[in-house]
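Read through the structure below, which is laid out as structure tokens, and then see the notes.
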Amino acid sequence: MKRLFLHTIATLFFAVPALSSTTLTLTHGATPAPTYLDAGVPDDSVGDVRIWRFSAKSSDNQAVMMDWLMTTTGHAQHTAELESRITLPVVSFDNEGKDTIQLQGVGLYPITGSTLKSDVTLERAVIGGTGKYAGASGTVTSMHWSDGSWQHVFDLD
């Protein structure tokens, strides 16, 4: 019985995969103008939605498609120039939508603009994935550079 117990423990110990993390980096130029749905009161208000679809590249030159939904949820407490928006991006690593990473986060955006100000960094959660990214978790840090380009660094658990 003792041998069986030790054998079971040893099997479980060596069968558990090693924990590893993966870093992916995506870049793209300036984002195109979004499709803007003025769902709240006229002009910028809670409920407004911005929608994008544009291409990006991975650090290994793989073509990537990015779909973004951004919804205004409120105004910043400390300034009248920023508003809170929830983003729900999906990053597709193939043409068929089989290998995707889903993100979610909230950030403060300028009321007069569609994206983060230049030289601002924002971290969002990786909330899942499909295909080879099924069950993905971690974070993505997005940086909007002063030349208008973007970098998204994914730290996947």
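Take D60 and tell me if it is assigned to a loop (DSSP other than H, G, I, E, B), out of contact with any Asp or Glu (no Cβ under 6 Å at 6 or more places or on another chain) and at positive phi.
Taking the combined requirement at face value, the residue does not satisfy it.
Counting residues that are among the β-branched types (V, I, T) and touching a residue at least 40 places away in the same chain (Cβ under 8 Å), which strands (runs of 3 or more DSSP E) fully inside region 76-157 reach at least 1?
The qualifying strands (runs of 3 or more DSSP E) are 90-92, 100-110, 150-156.
Report yes if E96 is at pLDDT below 95 and touching a Pro at 6+ places or on another chain (Cβ under 8 Å), otherwise no.
No.
Here is a check on your reading of the model: is M65 among the aliphatic types (A, V, I, L, M), over 14 Å from I111 (Cβ atoms), under 22 Å from the mean Cα position of the chain (by Cα) and not in a loop (DSSP other than H, G, I, E, B)?
yes
Being in contact with a His (Cβ under 7 Å, 6 or more places away or on another chain), among the small types (G, A, S) and closer than 23 Å to S21 by Cβ, is that true of even one residue in region 91-114?
The answer is no; no qualifying residue exists.
Counting only residues that are crowded, with 17+ Cβ neighbours inside 10 Å, over 11 Å from the mean Cα position of the chain (by Cα) and among the aliphatic types (A, V, I, L, M), how many does region 132-155 have?
The number of residues fulfilling the criteria is 1.
Looking at A76, A125, which is the one that is loosely packed, with under 15 Cβ neighbours inside 10 Å and modelled with pLDDT of 95 or more?
Only one candidate passes the filter, namely A125.
Please name all residue pairs, on different chains or six or more residues apart, with Cβ atoms under 8 Å, provided the first residue is in region 24-37 and is in contact (Cβ under 8 Å) with a residue 40 or more places away in the chain and under 27 Å from K132 (Cα atoms) and the second residue is charged (D, E, K, R) and surrounded by 13 or more Cβ atoms within 10 Å (Cβ to Cβ).
If the second residue must be charged (D, E, K, R) and surrounded by 13 or more Cβ atoms within 10 Å (Cβ to Cβ), the pairs left are L26/K57; T27/K57; H28/K57.
The values are calculated or read from the model by the stated rules, or taken from the named source; none is laboratory data. Because the structure is predicted, anything quoted here is derived from the model rather than measured. No Cβ is skipped: glycine too gets one built from the backbone with ideal geometry, and neighbour counts run over all protein chains shown.
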